[in-house]
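Structure first, commentary second.
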Amino acid sequence: MFKNIKNKTVEYILIISTATILSIVSNSKSFSEENVFIVDNVKVEGSVDANFSREKYINKALIESFDMLISKILITRDLNKISNIKLKEVKNLINSIQVLDETFTKGKYAAEFKIYYNDEKVKRILVNKNISFTQPKKISAVFYPALFVNDEIRDFDQNYFYINWKLIENENELINFVLPLEDLDDLLKIKEMKDKIEMLDVQNLVNKYDVSNYVFALMNHDNNKLKIHIQTKFEDSKISKNISYKLISMEDDKKLNFILKDLKLQITDLWKGVNIVNLLMPLSIKIKYQHKNLNDLDKLKNIFYKISIIDNYNLEELDVKNSFFKIYYYGNPKRLRTELSKFGYELISNKGQWELHSNE
């Protein structure tokens, strides 16, 4: 009898808690599934006992979801600027919560949530703390690690970074790394170009993998240091960077593990940097859009509302065939063009005038 009462009590708690927590809703932009302000795969678990509280686990999920969000949208150096945020503040940033899965099995509770954050509120906090955020999508890139030890290049089967690159993961990885197959001719070419690596045609090394993005890392361990020269190509942006780590021995797996994780974070930061959004400096752009009917205009306005880097827009002029908008947005025209293209629109410059065309 006690067991039945306990089960009924838990069921009652579930109903009340669900009604409460899912009511955290406000009028805000509707989100596409790719929006960075949606945090998916938030999992919590624990024991069900006399002191069980579903709200406690939901609160835990909210805090974890916020950590997942900022690790996704902030460059690593800015993470400590917004740490130790309180639960009440996190709840105020949330539009809604979706329960994806929830189970009580053999005295164990497990749940998975999807959290929808209010992008305007999150941006407001970042502006107040003078932090820019990023909107990187997930991409694939060839990772080519060339490791020299005492000026001798190592084969891939003796290269710690090649062997462990996909085995050691960081949270919220944004890059799906593709590892190259070993090609002795390529290794010889890299060895010959080691002292003039800036002249190496990395694109030629990775073309065979049908992936346009790449990360080439020239690593040289000598005199108790591991020096790494990175060349990246993410979409149309090429970036180079030099990093140095103190490393006594190439047999120190613990230190190598740390270096690998940190290197992944720094590479991800480079990709995030390509997608940086400076909330303190909104830009404006005037565009011409040729519409067929008013439904076209309504659809476009809805798209503007969904794109989170668009802060505001005005319809300044309208005639039978054309509409003229002024858009206020964060980032740069390239980023705006990319976001619009996700919804089937092409932003082009025609004789000094910006035009928007539907690809339908």
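The values are calculated or read from the model by the stated rules, or taken from the named source; none is laboratory data. Bear in mind that the values here come from a model prediction, so they are computed numbers and not experimental data. Virtual Cβ from ideal backbone geometry, glycine too; neighbours counted across all protein chains shown.
Brief remarks on what is shown
- GLU192 falls short on exactly one of the conditions (1) surrounded by 13 or more Cβ atoms within 10 Å (Cβ to Cβ); (2) free of Cβ contacts under 8 Å to residues at least 60 places away in the same chain; (3) out of contact with any helix residue (DSSP H, G or I) (no Cβ under 9 Å at 6 or more places or on another chain), and that condition is (1).
- Hits in segment 129-172 - residues which are under 15 Å from the mean Cα position of the chain (by Cα), closer than 22 Å to ASN257 by Cα and surrounded by 13 or more Cβ atoms within 10 Å (Cβ to Cβ): ALA141, ASN170, ASN172
- For LYS238: the one exception among (1) modelled with pLDDT of 90 or more; (2) among the basic types (Lys, Arg); (3) over 26 Å from GLU173 (Cβ atoms): (3)
- The listed residue being over 23 Å from the mean Cα position of the chain (by Cα), under 30 Å from ILE228 (Cβ atoms) and of a type in the set (Asp, Glu), out of ASP253, ASP298, ASP319: ASP253
- Among the criteria (1) in the same structural domain as TYR144 (by TED's automatic domain parsing); (2) closer than 21 Å to ILE309 by Cα; (3) aromatic (Phe, Trp, Tyr), the one TYR214 does not fulfil is (2).
- Taken together, the residues in segment 150-168 that are in a loop (DSSP other than H, G, I, E, B), without any contact (Cβ under 8 Å) to a residue 12 or more places away in the chain and of a type in the set (D, E, K, R) amount to 1.
- Test: residue in segment 236-248 that is free of Cβ contacts under 8 Å to residues at least 24 places away in the same chain, of a type in the set (Phe, Trp, Tyr), on the phi < 0 side of the Ramachandran plot and surrounded by fewer than 19 Cβ atoms within 10 Å (Cβ to Cβ): yes
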